[in-house]
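For reference, the structure is listed below as structure tokens.
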Amino acid sequence: MRLVVATRNPHKLREFGQILTGVELIELPATVELPPEDGTTFAQNALTKAHAAHAATGLPALADDSGIAATALAGAPGVLSARYAGPNARDEENLALLISRLAPHSDRRVAYVCALAHVAEDGRETVVQGRCEGELISDPRGSGGFGYDSAFLPLDTGPDDERTMAELSDAEKHAISHRGRAARAMARLFGEGPG
């Protein structure tokens, strides 16, 4: 199976390549312009990007939209995660803003959410979602991952494991991450992945 991946984020492309091992992933051609992510849900944004990539290339397309949702902030930054501190904000700026906005709150619960959309050659749509629960720490640490990983303390590693997502190995991260869970759910639908 061949899929064009509707992303300009090399980290995401690499992660999908590591998780969807039975699928040939094709980088989005530089000439293809992705639409703005102005949907109100992760699923809307993912579908819009997948349809754009499919329309431009004629290939089945895969797109995700993902982010972090803080319970104390009513789910913010949510779909604005990649541009929380502004349209051209760097990961470090987005993370610093989230840490500062959560500082007054005792509730540090956050969740990573990923909507993964597939548009088949005939235009059929499939959307799956993955979620990873955790807490946001105030002092980021770790050099792996990207985005909010260095301050995201996942619950799935257990109460005695104080490592952030950025301190986990790739395999450990993919086993519990929102993107890993969504990709495995999609792979099961393709018949390519583990049950």
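The values are calculated or read from the model by the stated rules, or taken from the named source; none is laboratory data. Values in this document were obtained by computation on a predicted structure and should not be read as measured data. Here Cβ is always computed from backbone atoms with ideal geometry, including for glycine, and neighbour counts include all displayed protein chains.
Consider Gly180 carefully, then state whether it is touching an Asp or Glu at 6+ places or on another chain (Cβ under 6 Å) and either of a type outside the set (Lys, Arg) or more than 30 Å from Gly58 (Cβ to Cβ) (or both). Criteria not met by Gly180. Asp156 satisfies every condition listed in (1) out of contact with any strand residue (DSSP E or B) (no Cβ under 9 Å at 6 or more places or on another chain); (2) assigned to a loop (DSSP other than H, G, I, E, B) except (1).
Here is the figure for segment 1-22: residues that are β-branched (Val, Ile, Thr), in contact with a helix residue (DSSP H, G or I) (Cβ under 7 Å, 6 or more places away or on another chain) and either within 25 Å of Pro87 (Cα to Cα) or modelled with pLDDT under 90 (or both) total 3.
Condition check: touching a Pro at 6+ places or on another chain (Cβ under 9 Å) and buried (at least 19 other Cβ atoms within 10 Å of the Cβ). Does Ala46 satisfy that? Judged against the criteria, Ala46 is not a match. Somewhere in segment 133-143, is a residue within 17 Å of Asp91 (Cβ to Cβ), exposed (fewer than 15 other Cβ atoms within 10 Å of the Cβ) and under 19 Å from the mean Cα position of the chain (by Cα)? Yes, there is a match, as at least one residue in segment 133-143 is within 17 Å of Asp91 (Cβ to Cβ), exposed (fewer than 15 other Cβ atoms within 10 Å of the Cβ) and under 19 Å from the mean Cα position of the chain (by Cα).
For segment 1-31, filtered to residues that are over 19 Å from Arg131 (Cα atoms) and among the polar types (S, T, N, Q), the residue that is surrounded by the most Cβ atoms within 10 Å (Cβ to Cβ) is Thr7.
Okay, residues lined up against (1) touching a residue at least 60 places away in the same chain (Cβ under 8 Å); (2) under 16 Å from the mean Cα position of the chain (by Cα):
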{"residue": "Lys49", "(1), (2)": "yes, yes"}
{"residue": "His54", "(1), (2)": "yes, no"}
{"residue": "Ala63", "(1), (2)": "no, yes"}
{"residue": "Gly75", "(1), (2)": "no, yes"}
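The condition of being at pLDDT 95 or above, of a type in the set (Ser, Thr, Tyr) and out of contact with any Ser or Thr (no Cβ under 9 Å at 6 or more places or on another chain) does not hold for Ser150.
When every residue of segment 127-146 is checked against the conditions, at least one turns out to be at negative phi, in contact (Cβ under 8 Å) with a residue 40 or more places away in the chain, polar (S, T, N, Q) and in a strand (DSSP E or B). Comparison of Leu59, Leu34 shows that the only residue that is of a type in the set (A, V, I, L, M), in contact with a helix residue (DSSP H, G or I) (Cβ under 8 Å, 6 or more places away or on another chain), under 20 Å from Arg124 (Cβ atoms) and surrounded by fewer than 19 Cβ atoms within 10 Å (Cβ to Cβ) is Leu59.
Cβ-Cβ contacts under 8 Å between residues 6 or more apart (or on different chains), taken from a first residue in segment 1-20 that is farther than 13 Å from Ala183 by Cβ to a second residue that is in a helix (DSSP H, G or I) and aromatic (Phe, Trp, Tyr), are listed as Met1/Phe190.
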